[in-house]
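The values are calculated or read from the model by the stated rules, or taken from the named source; none is laboratory data. Source: prediction; values computed, not measured. All Cβ positions, even for glycine, are placed from backbone atoms using ideal geometry, and neighbour counts span all protein chains on display.
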């Protein structure tokens, strides 16, 4: 992705995907959630400028992910410095289960067993 939408891959989860973007850029949010992506918006729009294309990203507190609870994202810059930013999400409890399962389809498959 280019522009305000930055695809970030976290170092802690090989299959984890998340998107951070400006609120006006969140398109197809429902589809992202069904695919196991954590769509987030910057709590402070100025934090967008802190994200570098070659950053490593840590998302802290995913085990405690809850509806309406902000997420802390730590940007590890290539020069060794880091920035901690706050992002918001709109996942419901059911969508959090989809996220943790990797997708809605994966979640449904585990429930069918």
Residue check for residue 17: surrounded by 15 or more Cβ atoms within 10 Å (Cβ to Cβ), touching a strand residue (DSSP E or B) at 6+ places or on another chain (Cβ under 8 Å) and at pLDDT 85 or above:
no
Using the structure shown, decide if residue 55 is farther than 20 Å from residue 33 by Cα and either modelled with pLDDT of 95 or more or surrounded by fewer than 17 Cβ atoms within 10 Å (Cβ to Cβ) (or both).
no
Which ones in region 91-113 are within 25 Å of residue 45 (Cα to Cα) and surrounded by 14 or more Cβ atoms within 10 Å (Cβ to Cβ)?
91, 95, 96, 99
Residues that are assigned to a loop (DSSP other than H, G, I, E, B) and closer than 17 Å to residue 42 by Cβ, drawn from region 78-90
89, 90
Number of the exception - residue 45 against (1) surrounded by 15 or more Cβ atoms within 10 Å (Cβ to Cβ); (2) in contact with a helix residue (DSSP H, G or I) (Cβ under 9 Å, 6 or more places away or on another chain)
(1)
